[in-house]
Each structure stands twice: as structure tokens, then as C-alpha cells.
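Each reported figure results from applying straightforward, stated rules to the coordinates on display, with no laboratory input. Model, not experiment: these values are computed from the prediction. Methodologically, a virtual Cβ is constructed for each residue, glycine included, from the backbone with ideal geometry; neighbour enumeration extends over all protein chains shown.
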Amino acid sequence: MSAERTPGPGIPGPGTKAASNRGSRGTGRRALLVTAWAAAGVLVLGGTGVGYLYFKLNGNLRTVDINQALGSHRPAKVDNGSENILVLGSDTRSGANKELGGGADDGSARSDTAMIIHVYKGHKKAAVVSVPRDTLVDRPSCTDARGTAHSAASGVMFNSAYSTGGAACAVKTVESITGIRMDHYLEVDFSGFQKLIDELGGVEVTTTKAIEDRESHLDLKAGTHTLNGKQALGLVRTRHGVGDGSDLGRIQLQQAFVKALVNQVKQVGVFTSPKKLYDLADTGTRTITTDSDLGSVNSLVDFADGLKSISSKNMRMVTMPVEYDPSNPNRVIVAEAKAKLVWTALENDRPIPASATKGTATGQAKGVVTS
């Protein structure tokens with residue numbers, strides 16, 4: 001996947017005092033944490049700093065021009081005040097990610113986590129739809145950010161879209177499945193995610209059952225824990241340590257962790273420490289890749305500020321309605337009729353009806369992690 005670095009406005013460094021409007025901006029940045037559960041550093045960006053740090057942090061950012069790659073053959077943009085954001089957690093299985101327990105190092109990049117975030121008109125509430133990576137889909141033909149064309153494929157795993165053609169192909173596949181245009185794209189690298197959690201001072205969760213998974217380097221007893229970066233990464237990755245070992249169970253753990261992470265950020269006094277603010281901002285801008293419309297520090301701050309009223313209490317988190325594949329219990333297929341209820345609701349900026357997810361396949365990890 002091709003990414004380019006873009007310039008934009010700056011942020012105060014370790015020796016810069018916080019501006020008087022930091023409190024209101026901090027609330028907005030917490031909302032972005034909901035939108036991109038691992039981009040915590042981005043939430044504490046902002047301010048009015050100029051000079052070297054301004055260029056340095058903007059130079060950290062990587063962007064992908066989704067609009068140019070996909071052209072005009074996309075769902076129509078809905079101009080009703082709502083926004084749709086595709087958030088992916090990516091893992092190259094090499095380098096730092098390999099050391100964190102990423103599976104075989106075959107040189108490929110994979111998307112282990114996918115969430116469609118719908119921000120409702122007025123930006124007071126949001127819906128999060130997790131897309132199981134093991135869902136069998138018909139992947140459309142697409143052109144990646146380098147201009148390389150990739151043929152369509154039928155009955156392939158959803159996450160193959162990203163490994164085949166990067167962000168552009170992932171976005172096109174999501175738009176093909178949902179019929180909804182993705183207004184923005186955010187990608188979070190897992191090795192950066194670990195560092196962000198450590199810089200935040202960890203995230204407190206309570207586990208109602210023991211979770212042990214050697215593949216994701218996770219060993220938690222039942223009880224309350226303050227997870228460091230490595231443990232947090234293990235938790236959002238694990239699928240063998242709890243429940244039925246399915247990707248659906250992992251999604252339930254991820255959704256629970258998102259809520260815990262949001263609650264934790266509310267308690268972290270990042271604005272009382274300029275150095276902590278800068279460290280988080282530096283790591284955050286190195287960790288994420290965005291669409292070109294969000295490809296500057298100022299754009300990210302403005303985006304977050306527009307979501308300042310959203311918290312975990314006014315978010316609906318669901319999994320895309322799926323059924324187990326009759327020919328392969330390790331794969332799932334889209335429950336088309338129920339999924340249509342989800343996409344129609346989001347397209348019309350309405351709440352997702354409870355009937356959309358009733359009776360669909362689900363993991364067995366609900367309630368295992370609480371905050």
C-alpha cells in the first residue's frame with residue numbers, strides 16, 4: 001500500500017504551555033478514540049504551536065488518496081450531516097509486529113480488525129459495526145494506491161481485500177458490501193498501538209474469566225487489571241484464549257476494550273504534562289494512516305472536535321450480521337436480509353434496529369471483559 005507524507009498545522013512541544021481552550025478540545029479528542037480505538041495519540045493533538053514541531057508531526061503522517069484510487073464508481077455521498085469512517089487495525093507480520101505475536105512472517109500486510117463507524121447527524125451519537133475478518137465475500141476489482149489493478153474474486157475472506165490491494169481495495173470492498181460511501185479512512189498499526197497504550201499509562205479492565213493465549217502472549221486471571229501495551233494488544237488479538245475461539249468472540253473483546261479505553265482516556269491528565277502530550281502526539285501520528293482529507297494534524301483535530309459530544313454511553317456497537325458457512329464452520333457468510341437492515345438504517349441516518357442482529361451468529365466472549 002502506498003502512503004505519502006503531507007504537511008499541515010502544528011502542535012506544542014514538551015516545553016510549550018497548554019492553551020486556554022484545551023479542555024473543550026480534549027473532549028473532542030476522546031470521541032476520536034472511539035472512532036479509532038488505537039489512535040489515542042491523535043486525540044491529544046492540537047494547540048497553536050508553530051515551527052519545527054509543526055513540520056515534524058505532520059511529517060509523521062501517512063495518507064492514502066482513496067478518492068483518486070477509486071474514482072467515481074462509488075456509492076453517492078449522502079449530504080445529511082452524518083459521516084461514515086472505515087477503521088482498520090493492520091499488522092505486517094514482520095519487524096516489530098512479528099515480535100508482538102503476529103503469526104507467520106510471509107511479507108504480507110493484513111487487516112485483523114475492521115470497524116465501520118457511523119456518526120449520526122448532529123454528532124451526538126454513533127454506531128460501530130465490526131466486520132469479521134473471516135467473512136466470505138465477493139471482492140470487487142480495484143486499483144490500489146500505486147495504480148496496480150487487481151481482479152475481482154468470489155468467496156474470499158474479507159481481510160484479503162486489504163492484503164491484496166491495501167486501503168483502497170478495503171474501502172471498495174466495504175462499499176460493495178454495504179452500498180454506503182465511506183467518507184474517511186483510518187488505519188492503525190498494531191506495534192504503534194502497543195506503544196500508545198504504554199504512554200497512556202495502561203488501560204484498566206475487569207475479566208470475569210481467565211484468558212490465556214500463547215499465540216497472542218496473553219495470560220490474565222479473572223479480576224481487575226491495568227493492561228500494559230503488550231497485554232492490551234494481546235487482548236484485542238486473541239481468539240483462542242476465551243469463548244469458542246472464533247473471530248466473533250474476538251470482536252466482542254475488542255468492543256469491550258474500546259469502551260474501557262475511552263473511559264481511561266477521560267482520566268488521563270495529558271494536558272497537565274506537555275511532554276506527555278508531545279510523546280502521545282508523536283507516537284499517534286506515526287501510528288496511523290488516513291485518507292488524504294484527514295492527512296494533517298489540523299484536519300485530524302478539527303475532525304475530532306466535531307465528535308466531542310460522543311461517548312461510549314451513546315454508541316451502539318454491533319457485529320455485521322453473519323451466519324456460519326455450512327461448508328466451513330471456521331468461516332462466516334453475510335446474513336443478507338439482516339445486514340440490509342443495518343445498511344438501510346445507516347444510509348438513512350437511523351438507529352440500527354434490534355431485529356437486525358437477533359438470531360445471527362455470535363461469539364461466546366460477551367461479558368468476559370468489562371470496564
Review point. How do 297-304, 204-211, 146-153 rank on mean C-beta neighbours within 10 Å, highest first?
Key: 297-304, 204-211, 146-153
**Study point:** In sequence order, calculated HN-Hα J values of the stretch 248-255 (Karplus, 6.51, -1.76, 1.60; Hz; x Gly/Pro)
**Key:** 5, x, 4, 4, 4, 5, 4, 5
Exercise for review: Run through the DSSP bridge list for the stretch 198-259 and note the antiparallel percent, rounded to the nearest 5.
Suggested key: 100
Point to revise | Extension reserve of the THR208-ARG316 stretch, reckoned as 0.36 nm per residue once the Cα distance is removed | key: 36.6 nm
Study note, to complete from the structure: For LYS358, the lysines lying under 20 Å Cα to Cα, once residues fewer than eight places off in the same chain are dropped, come out as LYS338, LYS340, LYS366
Point to revise | Net length gained if the chain between HIS73 and ASP293 were fully extended (0.36 nm per residue, minus Cα distance) | key: 77.3 nm
Check your understanding: Which of rounded, prolate, oblate describes the stretch 300-352, given a ≥ b ≥ c as roots of the alpha-carbon gyration tensor eigenvalues and a/c under 1.5 marking rounded, otherwise prolate only if a/b is larger than b/c?
Key -> prolate
Point to revise | Protection-proxy order for peptides 326-333, 231-238, 311-318, 189-196, each taking the mean of Cβ atoms within 10 Å per residue, highest first | key: 231-238, 189-196, 311-318, 326-333
Review point. By how many nm would the segment from THR344 to VAL156 lengthen if fully extended, with 0.36 nm per residue of separation less the alpha-carbon distance?
Key: 65.2 nm
Practice item. Calculate the spin-label point distance for THR226 paired with TYR324, positioning each point 7 Å from the Cα along the beta-carbon direction, and give it in nanometres. Key: 4.1
**Study point:** Entries in LYS124/LYS259; LYS124/LYS276; LYS195/LYS276 that, when Cα-Cα distance is taken, lie over 22 Å
**Key:** LYS124/LYS276
